[in-house]
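J.: Sharing a structure with you now.
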C-alpha cells in the first residue's frame, strides 16, 4: 500500500475514496473500505492524523496507533492511503475546498463514507453536498452496535471479548519494549515491559491471555500491587519464546481477561498463581 501525506503525493487517476478517521479499523470502518474496493476503481483511503477531536481540545483514548491503522488498512486491500494532517487550517476549510483539494485532486470519482459523515468548516459538508459537486457517493449504513465509543467502553471495562466482536479482530496493545524491573525473570517468567503510547487506551487492570509474535502470551496490566508498585506496567510473558525484545515494537493481542491483580501471602503463592495463569493462557481461544 502506498502512503501519502499530501494530495500532491498521490497520482491522479480514477479512484474510489473511503473517507474517515477509522480509529481501530472496526467492522463499520471495514464496511466503508470494502464499499470503495467493490467499485473496481483504485481503492484509496483518506484519513486524518491526529484525531480530529484531539485538535478540538478533547481527550481521546485511541484504539490504534496511526502505524497500526495503516497496517490494518493495507491488509484490507487498500491501494493508497492519504494521511491528511488534521490541523485548525484543515478544519476551517470550506467543504467545497476540501472536496477539490483532497478528493478531486487525487482523481476520486466515488466517495464512500458513513451515512452521517460530516466534514469541512462547521461540519457543513455531507454526502449530499459531494453528490451535488459531481461525485458518486456510497453511503454506508452503520453496523448496529459497532462504534469506536462502544469499543473504548468495552476495553476500559476489560471486556476484550466484546471489543473483539465489535472490531472484527482481537483488540491489540501496541508499543515499544523498554527496560523494566526485570523481576519476572527471577520468578521464572521473564516478561517484556511494553511502553504504550499515551494517546492509546489501556484496558482495565488485570491479567489477560493473548498472543504476540505467534506465541501465546500471559499479560499483566497494572501496578504490581504485590510489590507495592504505583506505576502502570504492561508486561507480556511470551510462552515458549526466547529472544531479546528490547527496543522492538510489539503488537500484543488480548483474547481473554483471566483475573484481577492481587497481593499474595508469599512469593511462592505468586509463582503458583502465575503458573495457573500460564495454564489458562494455553487453553485460551482466539475470539475472532
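The values are calculated or read from the model by the stated rules, or taken from the named source; none is laboratory data. Just so it is clear, the structure is predicted and the values come from calculations on it, not from any experiment. A quick note on method: Cβ atoms are made from the backbone with ideal geometry, for glycine too, and the neighbour counts reach across all protein chains shown.
J.: Would you check if residue 257 is modelled with pLDDT under 95, surrounded by 12 or more Cβ atoms within 10 Å (Cβ to Cβ) and touching a strand residue (DSSP E or B) at 6+ places or on another chain (Cβ under 9 Å)?
T.: No: the conditions fail for residue 257.
J.: Kindly list, by first and then second residue, each pair from a residue in the range 59-82 that is at positive phi to a residue that is at pLDDT 95 or above and part of a helix (DSSP H, G or I), limited to pairs with Cβ atoms under 7 Å and residues at least 6 apart or on different chains.
T.: Qualifying pairs under 7 Å: 77/37.
J.: I'd like the full set of residues that are closer than 11 Å to residue 61 by Cβ and part of a loop (DSSP other than H, G, I, E, B), limited to the range 198-214.
T.: Selection gives 198, 199, 201, 202, 203.
J.: Being at pLDDT below 95, surrounded by fewer than 22 Cβ atoms within 10 Å (Cβ to Cβ) and outside any loop (DSSP other than H, G, I, E, B) is true for just one of 243, 229, 184. Which residue is that?
T.: 184
J.: Kindly list, by first and then second residue, each pair from a residue in the range 261-288 that is in contact (Cβ under 8 Å) with a residue 40 or more places away in the chain to a residue that is part of a helix (DSSP H, G or I), limited to pairs with Cβ atoms under 6 Å and residues at least 6 apart or on different chains.
T.: 261/225; 270/226; 271/187; 287/161; 287/164; 288/164
J.: Considering only the range 104-117, I want to know if a residue exists there that is surrounded by fewer than 21 Cβ atoms within 10 Å (Cβ to Cβ), at pLDDT 95 or above, assigned by TED's automatic domain parsing to the domain that holds residue 41 and on the phi > 0 side of the Ramachandran plot.
T.: So far as the range 104-117 goes, yes, one or more of its residues are surrounded by fewer than 21 Cβ atoms within 10 Å (Cβ to Cβ), at pLDDT 95 or above, assigned by TED's automatic domain parsing to the domain that holds residue 41 and on the phi > 0 side of the Ramachandran plot.
J.: Going through 208, 189, 241, 227 one at a time, which residue ends up being within 25 Å of residue 148 (Cα to Cα), touching a residue at least 12 places away in the same chain (Cβ under 8 Å) and over 17 Å from the mean Cα position of the chain (by Cα)?
T.: It is 208.
J.: Also, I was wondering about something else. Where the second residue is assigned to a helix (DSSP H, G or I) and the first is free of Cβ contacts under 8 Å to residues at least 40 places away in the same chain and lies in the range 95-110, which pairs have Cβ atoms under 8 Å and are six or more apart or on separate chains?
T.: If the second residue must be assigned to a helix (DSSP H, G or I), the pairs left are 95/121; 95/129; 96/129; 98/90; 99/129; 99/130.
J.: Run down 236, 287 and say which single residue is in a strand (DSSP E or B), under 21 Å from the mean Cα position of the chain (by Cα) and under 23 Å from residue 171 (Cβ atoms).
T.: Result: 236 is the single residue among 236, 287 that is in a strand (DSSP E or B), under 21 Å from the mean Cα position of the chain (by Cα) and under 23 Å from residue 171 (Cβ atoms).
J.: Restricting to strands (runs of 3 or more DSSP E) lying wholly in the range 1-60: which have 2 or more residues that are in contact with a helix residue (DSSP H, G or I) (Cβ under 6 Å, 6 or more places away or on another chain)?
T.: Ranges flagged: 15-19, 42-49.
J.: Here's a follow-up. Just to be sure I understand, how many residues within the range 145-160 are buried (at least 18 other Cβ atoms within 10 Å of the Cβ) and assigned to a helix (DSSP H, G or I)?
T.: 6
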